[in-house]
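The values are calculated or read from the model by the stated rules, or taken from the named source; none is laboratory data. Values in this document were obtained by computation on a predicted structure and should not be read as measured data. In this analysis, Cβ positions are derived from the backbone assuming ideal geometry, glycine residues included, and neighbour counts consider all displayed protein chains.
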There are 6 protein chains.
Amino acid sequence: MQLSEATWPEIEDCESDLAVLPVGSTEQHGPHAPLGTDAKTAAAVAEAGVETYRERTGEDVPVAPTIPVGIAAEHRAFDGTLWVSPETFRAYVRETVASLAHHGFDRVVIVNGHGGNTDALREVTGTISREDDAYAVAFTWFDSIDTDEAMGHAGPVETSLLSHIDDEAIHEDKIAAAREGASEGWGEWVAGVNLAHDSDEFTDNGVVGDPTTATAELGEQLLARSGEALADLLDAVDNREN
Amino acid sequence: MQLSEATWPEIEDCESDLAVLPVGSTEQHGPHAPLGTDAKTAAAVAEAGVETYRERTGEDVPVAPTIPVGIAAEHRAFDGTLWVSPETFRAYVRETVASLAHHGFDRVVIVNGHGGNTDALREVTGTISREDDAYAVAFTWFDSIDTDEAMGHAGPVETSLLSHIDDEAIHEDKIAAAREGASEGWGEWVAGVNLAHDSDEFTDNGVVGDPTTATAELGEQLLARSGEALADLLDAVDNREN
Amino acid sequence: MQLSEATWPEIEDCESDLAVLPVGSTEQHGPHAPLGTDAKTAAAVAEAGVETYRERTGEDVPVAPTIPVGIAAEHRAFDGTLWVSPETFRAYVRETVASLAHHGFDRVVIVNGHGGNTDALREVTGTISREDDAYAVAFTWFDSIDTDEAMGHAGPVETSLLSHIDDEAIHEDKIAAAREGASEGWGEWVAGVNLAHDSDEFTDNGVVGDPTTATAELGEQLLARSGEALADLLDAVDNREN
Amino acid sequence: MQLSEATWPEIEDCESDLAVLPVGSTEQHGPHAPLGTDAKTAAAVAEAGVETYRERTGEDVPVAPTIPVGIAAEHRAFDGTLWVSPETFRAYVRETVASLAHHGFDRVVIVNGHGGNTDALREVTGTISREDDAYAVAFTWFDSIDTDEAMGHAGPVETSLLSHIDDEAIHEDKIAAAREGASEGWGEWVAGVNLAHDSDEFTDNGVVGDPTTATAELGEQLLARSGEALADLLDAVDNREN
Amino acid sequence: MQLSEATWPEIEDCESDLAVLPVGSTEQHGPHAPLGTDAKTAAAVAEAGVETYRERTGEDVPVAPTIPVGIAAEHRAFDGTLWVSPETFRAYVRETVASLAHHGFDRVVIVNGHGGNTDALREVTGTISREDDAYAVAFTWFDSIDTDEAMGHAGPVETSLLSHIDDEAIHEDKIAAAREGASEGWGEWVAGVNLAHDSDEFTDNGVVGDPTTATAELGEQLLARSGEALADLLDAVDNREN
Amino acid sequence: MQLSEATWPEIEDCESDLAVLPVGSTEQHGPHAPLGTDAKTAAAVAEAGVETYRERTGEDVPVAPTIPVGIAAEHRAFDGTLWVSPETFRAYVRETVASLAHHGFDRVVIVNGHGGNTDALREVTGTISREDDAYAVAFTWFDSIDTDEAMGHAGPVETSLLSHIDDEAIHEDKIAAAREGASEGWGEWVAGVNLAHDSDEFTDNGVVGDPTTATAELGEQLLARSGEALADLLDAVDNREN
């Protein structure tokens, strides 16, 4: 149930104390995938998860609108990347969750599509759960599923998922070039420490991994598995004593 | 040109120094219109404006993703209304504009769909223009066009526009009820001062004005006129000495 | 009753739960009117209002000292203009109101003399009323009375009021020059949007409107009508259920 | 030269790089002296100082309007005491000084009338001088003159000065009672530490010291000596290399 | 070279642009290890690293004093645990690094002894490197070495290291009890998400892992390997183009 | 009882509601004394005080770890001086005290070794005592004892105390040079105002006072008297009604 599509009396009738808040990022995803990739994937996984949960339990969980701009200064060398500071991002998420809780949706799963948001979401969900009138956790879809492929950035995993949910979004004619300019791994590591704070220090075109191996079929599987994982999480959050 | 749909090389190729940032709100719009009304209208007007501008000038102006949650504590008595504090809202807008400016889009028109955001946007665009490396102004679509109908809230103007851009979003069967519980005007005024800080102090169902007079035809006109007005503004901003 | 002139036992004896907080600005008012104009007018209107209210009801309402520096960066091109950031201004007002409320004066009317403070006062009175132990509204005197003359800036309305309350403050010999360098209206408008963030973008000497039409007689009327309006508001605030 | 009484062209003509900013407090001063005592004394000393300096040097130094509310939570048990947090106070002072410096008055002496402001003013003048485009110091008048009487609070020193500058402000008929309820010293000390954070922990009526010994003659001397001291300081600040 | 033990002329003579800042935490470490464990281990590893680096290069790198209180709200159910908010922690680290950079030590390695600090240090070192006049990275010693034992909390790895560096700090007689009340792993996981924000949700006595397997010999090896890893990192940071 | 050396069950067994928090600074102390002087002296006095208190009352008071970096921008011209802003320092202290209070240690004496921290500690202990669930006061050891020698900076008092507690820390061979470059007094005073915000404005080598008169014997006395004074204060705080 998309909260933005509902009227307030419909939300008033909603008996769940669960809510889902998708969080994306608007940032470079190489020459072949759009800047909005992380928002699209977060929204798609959120929808798949609540649909699976509804099929299992009959309970409708509202999905808040996707927060489109996250923590992405590390990609700022690539045009079009938008970002806010971690402080502002946490405040925006925290206060949005507080307003969900104000209406009784006080068990909130944040569905995240961007690795750069992960640390901040772990922090802010801890803060919310300790200090506010809500319990929150953050679910980053690609950390919740096992894949043969490494995650990378705009690599096979994201490209596959996006191919499935919005196949026009992928520029097929740029995928070969995407592989050419990609790095194999994220960062520049010495003694367990990543010396690179920004992605242009190690990738020429912003890509990490080989997107030529991406398929819409894999994307379909990834979405299904992410949706199952999110439904499992919603179930656990619903049944947890707080 | 939707920035979220573009790849970073496409944005790099974009020569405009203009950008548009739509800002909505997720808040009650009576029993007949969805919580996402203000985000939908802001996005539609932004798109109409840059399309008109492109037709006039041949210049493609990127439209950033719509900021979905704004300043709406005044509607918090109605379920599903989401809001952040004015401080957080201003920070989120300011930093998003700064990242646009980082890529050379340093003349930014914020397209706003919600009256409650207006004061904060006037403040933050002043701050940006004085202190940051960008010039920004805020365009609130319903303040830029003349209508026979008063704006209200979820009244004839918004309902008409939404009927045109997303006719499934309006619950026609609730419009009569919407009129029943509506107030005639916004607020509770004494000596030029509105004593009511929240909308439930003066409207039973959140509506102000009579939405039964709304039509998709009027909505089509409103969108066209808003798009023309926004194109006029883009032209003025583009040609202004800063 | 001026709070600053009273002793603490006198304030302890005061039974009202109302208080008035005048807020001005120290900013250019053209070549003929002093930088302190907005503080002077706010203080005068506040005094007139509580006096009228006392005559009507017998109740003495304390008037806090006038906050002298407000939001006036838009006039910073003109010498002597002082300003603080909107954040600091709101904090200073909010905490001053909180200290009034600490003593039982928890229905506070802010009497404002400067247009640039209006947005911030609307925001902070909302915040106070929702989150703190007080109810507050902001009364901007020139928005509460009908005049044949447009407000402008250092124009006929302000100049008239000041002529009445402090006639030595007006430099009569500069009024002709004031008209010469004045603009007719505030701002530079396209599509309902003011492109000018600062006043020197549209007025040569800081004046908007024609101050040569000002008279002390009009000023006397304006003060009386503002005082009546403020007394009406105090009455409404006193009788309102919160 | 009172900045508030001047027009902007008059300030533009002012060639000094010095400015004076009086800072008071609105707080209990016993049963006999008004809540505005510290603002009145700060303003009077500021005026005396710039007048003495003008007589000595011929140079006119602008005096900004008095900041009326300071750091006074320690007196909040007594009615009518107003206060803001130290953070807000420092921000208000710092930004006001920055706006003076914007116009070239970048050597600012803050004239303080309240002991509770002293620590914060020492801190903020250091911050201004190190980080902003201005040099600032704080002058607390009663710390700059030698007196036979201890300062106390609403005691002989303050009462004398106020008797001189505004003799109607002192309630002579309450001075005997003021002595009765006064404490002899400020605070409750063990091992060099004041255990009392608030004044009601050690004084019944807010007074410290014996105001019955106050005289207007002493007040006149105090004002003259404070004015001389401030003029000395202005001279030193003017001649200092920064 | 311990900065705290040096005089300022000795630091002035130091030609390195590297510095090390140890960061610990004061938090429960089970019934057998002291609350200061993470500060002790961070300090020991920092010292070992700069000593190894000095042996290799002849260059003396100053070690700042250990920051003793970090982010540890997750352990607050256990007595004696101290913590500050992530915001305050980041500010304290950032400003300390800025003061190191002020003296020319503008390549700073933060040596961290506590897992709960990791996210915040990754964030703040990114902020420092992007926005301030310094480059910084964070080295968490137990993430930089391979061990057969899982890290846990107050488990075999930490207990071994502490046994080596301060053997009186370990209460040998409590180690059996420590194992009894320990959990096997950190957290409570569903779908890749840790539902537990606080450690008392999954461990009875605060311990994770089996400290009975700890030995001082292993601790000696861990310290040596951590020191080697840190020296490798210092070398890489010293030679990196920024 | 050093909190850092204790395990959490040992702290749980501690029945006191008192705690001591030492606060130092890492800053220049001339050519003869180490940058860590103020942290060392604060820690030593804290330990002496709780030991004396334990001898008198049998009650064990936990001593938190010493906060090593304080407010010392005034010494930043001398290498190795570290500092944080007053805001960050106050936040770090306040939150550390709040975590002590969380465990029942809600009467906290801050033992301070640095004059530059004094104003901020007075402010933050007031804030804690008024707004948080704790009572706090700050004890600056050299303000609590009478000495024949003036305090200065790295002068006879500090040098003596340090000679006693850590005699290797003093570079005896630099003491003559320390006297040579020292100033006689702190600051540059006109009309009761210190014009110098930074120490390098009045001392060549950072020293104020003559450290050649320092002796370890005097240091021993100073420590004993400081410890007695702190024990007196702990007793008063323990017995005070809050």
Residue D:150 passes all but one of the listed conditions (1) of a type in the set (Gly, Ala, Ser); (2) crowded, with 16+ Cβ neighbours inside 10 Å; (3) not in a helix (DSSP H, G or I); the exception is number (2)
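Do the conditions hold for residue E:168, that is, is it part of a helix (DSSP H, G or I) and modelled with pLDDT under 95? Give the steps one after another, and end with the answer.
Working: part of a helix (DSSP H, G or I): yes; modelled with pLDDT under 95: yes.
So residue E:168 passes the test.
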request  = Test residue E:106 against the stated conditions and say whether it is among the acidic types (Asp, Glu) and within 7 Å of another protein chain (Cβ to nearest Cβ).
outcome  = no
Check: Any residue at all in the stretch C:35-44 that is among the acidic types (Asp, Glu) and closer than 29 Å to residue B:128 by Cα?
Finding: yes
Inside the stretch D:76-108, the number of residues satisfying the requirement of being surrounded by 22 or more Cβ atoms within 10 Å (Cβ to Cβ), among the hydrophobic types (A, V, I, L, M, F, W, C) and not in a helix (DSSP H, G or I) is 6
- prompt: Taking the stated definitions as given, is residue D:46 surrounded by fewer than 24 Cβ atoms within 10 Å (Cβ to Cβ), more than 22 Å from residue C:29 (Cβ to Cβ) and touching a residue at least 12 places away in the same chain (Cβ under 8 Å)?
  reply: no
Among residues of the stretch F:109-122 being crowded, with 22+ Cβ neighbours inside 10 Å and assigned to a helix (DSSP H, G or I), the residue nearest to the other protein chains (Cβ to nearest Cβ) is F:120
Exception for residue A:178 within (1) touching a residue at least 40 places away in the same chain (Cβ under 8 Å); (2) under 28 Å from residue E:189 (Cα atoms); (3) not in a loop (DSSP other than H, G, I, E, B) falls at (2)
Checked F:213, F:203, F:159 against criteria (surrounded by fewer than 20 Cβ atoms within 10 Å (Cβ to Cβ) and of a type in the set (Val, Ile, Thr)); the one match is F:213
Exactly one of E:241, E:228 is part of a helix (DSSP H, G or I) and of a type outside the set (A, V, I, L, M, F, W, C), and that residue is E:228
Restricting the stretch B:1-13 to residues that are within 8 Å of chain A (Cβ to nearest Cβ) and hydrophobic (A, V, I, L, M, F, W, C), the one farthest from the chain's Cα centre (by Cα) turns out to be B:8
Within the stretch A:12-40, the residues that are farther than 25 Å from residue B:12 by Cβ and surrounded by 21 or more Cβ atoms within 10 Å (Cβ to Cβ) are A:14, A:18, A:19, A:20, A:21, A:22, A:23
Of the candidates F:4, F:25, the one satisfying the condition of being under 30 Å from residue F:198 (Cβ atoms) and in contact with a helix residue (DSSP H, G or I) (Cβ under 8 Å, 6 or more places away or on another chain) is F:25
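Within the stretch D:142-153, does at least one residue satisfy the condition of being farther than 27 Å from residue F:146 by Cβ and in contact (Cβ under 8 Å) with a residue 40 or more places away in the chain? Give the derivation first.
So the first thing to find is which residues in the stretch D:142-153 are farther than 27 Å from residue F:146 by Cβ, and the list is none.
There is no residue in the stretch D:142-153 that is farther than 27 Å from residue F:146 by Cβ and in contact (Cβ under 8 Å) with a residue 40 or more places away in the chain.
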Scanning the stretch D:88-128 for residues that are among the small types (Gly, Ala, Ser) and touching a residue at least 12 places away in the same chain (Cβ under 8 Å), the one nearest to residue C:69 (Cα to Cα) turns out to be D:98
Those residues of the stretch E:123-143 which are part of a helix (DSSP H, G or I) and either in contact with a strand residue (DSSP E or B) (Cβ under 6 Å, 6 or more places away or on another chain) or closer than 19 Å to residue E:49 by Cα (or both) amount to E:125, E:128, E:129, E:141, E:142, E:143
Taking the stretch E:41-69 and keeping only residues that are within 30 Å of residue F:9 (Cβ to Cβ), out of contact with any strand residue (DSSP E or B) (no Cβ under 6 Å at 6 or more places or on another chain) and either assigned to a loop (DSSP other than H, G, I, E, B) or modelled with pLDDT under 95 (or both), one is left with E:65, E:68, E:69
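Considering the stretch A:69-103 alone, what residues qualify as being small (Gly, Ala, Ser) and either at the interface with another protein chain (Cβ under 7 Å from one of its Cβ atoms) or under 26 Å from residue B:81 (Cβ atoms) (or both)? Show your work before the answer.
Step one: list which residues in the stretch A:69-103 are small (Gly, Ala, Ser), which gives A:70, A:72-73, A:77, A:80, A:85, A:91, A:98-99, A:101.
Within the stretch A:69-103, A:70, A:73, A:80, A:85, A:91, A:98, A:99, A:101 meet the criteria.
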Among F:177, F:236, F:169, F:196, the single one that is out of contact with any Ser or Thr (no Cβ under 9 Å at 6 or more places or on another chain), within 21 Å of residue F:49 (Cβ to Cβ) and of a type in the set (A, V, I, L, M) is F:236
Conditions (1) in contact (Cβ under 8 Å) with a residue 60 or more places away in the chain; (2) in a helix (DSSP H, G or I); (3) within 14 Å of chain B (Cβ to nearest Cβ) -> residue C:236 fails only (1)
Note: among E:25, E:16, just one is more than 11 Å from chain F (Cβ to nearest Cβ) and either within 24 Å of residue F:171 (Cα to Cα) or in a loop (DSSP other than H, G, I, E, B) (or both), namely E:16
Among the residues that make up the stretch F:57-65, is at least one of them away from chain E (no Cβ under 11 Å), surrounded by fewer than 24 Cβ atoms within 10 Å (Cβ to Cβ) and on the phi > 0 side of the Ramachandran plot?
yes
In the stretch D:194-214, anything in contact (Cβ under 8 Å) with a residue 60 or more places away in the chain and not hydrophobic (A, V, I, L, M, F, W, C) is listed as D:197, D:198, D:199, D:200, D:205, D:206, D:209, D:211, D:213
Over the stretch B:125-147, the set of residues within 19 Å of residue C:191 (Cβ to Cβ) and surrounded by fewer than 24 Cβ atoms within 10 Å (Cβ to Cβ) is B:126, B:129, B:135, B:140, B:142, B:143, B:144, B:145, B:146, B:147
Checked the stretch F:183-219 for anything part of a loop (DSSP other than H, G, I, E, B), out of contact with any Leu (no Cβ under 8 Å at 6 or more places or on another chain) and within 14 Å of another protein chain (Cβ to nearest Cβ); matches are F:186, F:192, F:195, F:196, F:197, F:198, F:202, F:203, F:204, F:205, F:206, F:207
